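Peer 1: The structure's right below; bear with me while I get my questions together.
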Amino acid sequence: MSIKKIALEEHFMAPDFTDYWATTFGNISPELSDKALGALSDFGARRLDDMDKNGIEIAILGLAGPGVQAEKDTTLAVKRAREVNDFLAAEVSKNTKRYGGLAHVAVQDAKAAADELERCITQLGFSGVMINGATNGMYLDDPSIEVFWERAAALKAPVYIHPNNPIDHPSMFNGHPELWGPMWSWGVETATHAMRIVTSGIFERYPDAKIILGHMGEAIPFQLWRIDSRWAIANRQGLTLKEPPSHYIRKNIMVTTSGVCSEEPLHCALNALGGDNVMFSADYPFERTAEASHFIENAKIDEAKRQKICWDNAKRILNLKV
Ligand code: MN
């Protein structure tokens, strides 16, 4: 069985961006990173063959991180974000039936990031934006970024928060390099970005703002009840919300299946967030597309839900004209 799919955590690499990317390798072997680089840099037969074999009709491409999230020079970060968006737009324009794009922005200068997002949506035809975790030590609820959220909401452009290493290296990871990275620390870090956005009231101020989390929601769907329960008695230091946190999580956060091929978290995400807020993704080339596709094609869910996960939700959330 093959069902037509849209996938949206699908990575690419641009020339001159590999130095930023190399900071995320950690304990990955040079052979593996070389192999990934070849796949990331290809927009032709190699990528399309992988998509064709697995029923992926459309791949929405985002830069493999961290990109300019790791650039200390703000002027350079703004300039390079623009360059990589132009690079991606040129590649997408060669095959608009199969590819779409997520913008790359430098929130070091939030006004510039907002302007660049607007350019990417209105002129380059992109579908949203991907931000690779913290920018120079700044989380995505930082007050300086407010103007960016305002614009993203106005453009109805979803913000995909992609994992990156935490800013600092807490003692809890000492002596356990295996937990530093995708196995554990990335999920904690990325979920924390989302929770900071929720509790700081960004979704209350900008009801049309949307974020997308990969990896079946970075464990947030599992925690909804506890989040609400403990919010009621938490030391909030002046933070207020009209509704409990789960209200905003359900309304403003969408998740993808990237990197998670397992029934239990899929059902948890569907039950917690609803069938309209879960989308298929493969995380090419870091995960196996065949495994991701086989999983969603055979998951024990009804066909109407499968259709929404594989196609309808992404089409609606990314405003795709297909
Ligand atoms: Mn990824």
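The values are calculated or read from the model by the stated rules, or taken from the named source; none is laboratory data. None of the values given here were measured: they were computed from a predicted structure. Glycine also receives a Cβ, built like all others from the backbone with ideal geometry; neighbour counts cover every protein chain displayed. Quick note on the areas: whole protein, heavy atoms, side chains included, nothing else; ligands and nucleic acids left out. Shrake-Rupley method; radii C 1.70, N 1.55, O 1.52, S 1.80 Å.
Peer 1: Measuring from label point to label point, each 7 Å out along Cα→Cβ, what is the ARG98 to ASP208 span in nm?
Peer 2: 3.4 nm
Peer 1: I need the shape label for region 1-99. Rule: rounded when a/c is under 1.5, else prolate if a/b > b/c, else oblate, with a, b, c from the alpha carbon gyration tensor.
Peer 2: oblate
Peer 1: For the chain, what percent of Cα pairs sit more than 32 Å apart? List each step's numbers first, then the result.
Peer 2: Details: 11497 of 51681 pairs.
Result: 22 percent of Cα pairs exceed 32 Å.
Peer 1: Okay, moving on. Based on DSSP H runs of at least 4 residues, each adding -39500 (n - 2.57), what is the mean residue ellipticity at 222 nm of the chain after dividing by all its residues, to the nearest 500 deg cm²/dmol? Can you show the working numbers first?
Peer 2: Values: 14 runs with 138 residues, N = 322.
My calculation for the chain gives -12500 deg cm²/dmol from helical runs alone.
Peer 1: If you put +1 on each Lys and Arg Cβ and -1 on each Asp and Glu Cβ, how big is the dipole of the chain around its Cα centre, in Debye rounded to 20? It would help to have the intermediate numbers written out before the result.
Peer 2: Values: 34 positive and 42 negative charges, 191 e Å.
Its charge dipole is roughly 920 debye.
Peer 1: State in Å² the accessible area per residue of the chain; use a 1.4 Å probe, count heavy atoms of protein chains only, and round to the nearest integer.
Peer 2: Working: 14260 Å² over 322 residues.
I get 44 Å² per residue for the chain.
Peer 1: Per Stokes-Einstein, at 4 °C and 1.567 mPa s, what whole-number D in µm² s⁻¹ belongs to region 120-257, with the Kirkwood radius over Cα pairs as the hydrodynamic radius? Can you show the working numbers first?
Peer 2: On the way: Rh = 15.8 Å.
In µm²/s, the coefficient rounds to 82.
Peer 1: Within region 27-73, list the trypsin sites (Lys or Arg not before Pro) lying in a DSSP loop whose Cβ has at most 15 other Cβ atoms in a 10 Å radius.
Peer 2: On the way: sites: LYS35, ARG46, ARG47, LYS53, LYS72; in loops: LYS72.
Passing both the DSSP loop test and the Cβ count: LYS72.
Peer 1: OK, next. Just ILE296, ILE28, ILE227 to compare: in a GNM of the chain, with alpha carbon springs under 10 Å, which one fluctuates most?
Peer 2: Looking only at ILE296, ILE28, ILE227, the largest GNM fluctuation is found for ILE28.
Peer 1: From the protein chains alone at 1.4 Å, what is the descending order of accessible area for LEU37, LEU8, largest first?
Peer 2: On the way: LEU37 55, LEU8 0 Å².
Ranked from most to least accessible, the order is LEU37, LEU8.
Peer 1: Residue by residue through region 121-131, what is 3J(HN,Hα) from phi via Karplus (6.51 cos²θ - 1.76 cosθ + 1.60, θ = phi - 60°)? Round to whole Hz and write x for glycine and proline.
Peer 2: 6, 7, 10, 8, x, 6, 10, x, 9, 10, 10
Peer 1: Could you tell me the calculated FRET efficiency between ASP73 and GLU303, based on Cβ-Cβ distance and R0 = 45 angstrom, to the nearest 0.05? Walk me through the intermediate numbers first.
Peer 2: Working: r = 51 Å, r/R0 = 1.13.
Efficiency for this residue pair is about 0.30.
Peer 1: Which whole-number percent is the relative contact order of region 242-322 (Cα, under 8 Å, 6+ apart)? Walk me through the intermediate numbers first.
Peer 2: Working: 76 pairs, mean separation 23.6, N = 81.
Averaging sequence separation for qualifying contacts and normalising by length gives 29 percent for region 242-322.
Peer 1: Tell me the carbon and sulfur percent of the accessible area for region 5-317, rounded to whole percent, probe radius 1.4 Å.
Peer 2: Working: 7280 of 13520 Å².
Carbon plus sulfur share of accessible area: 54 percent.
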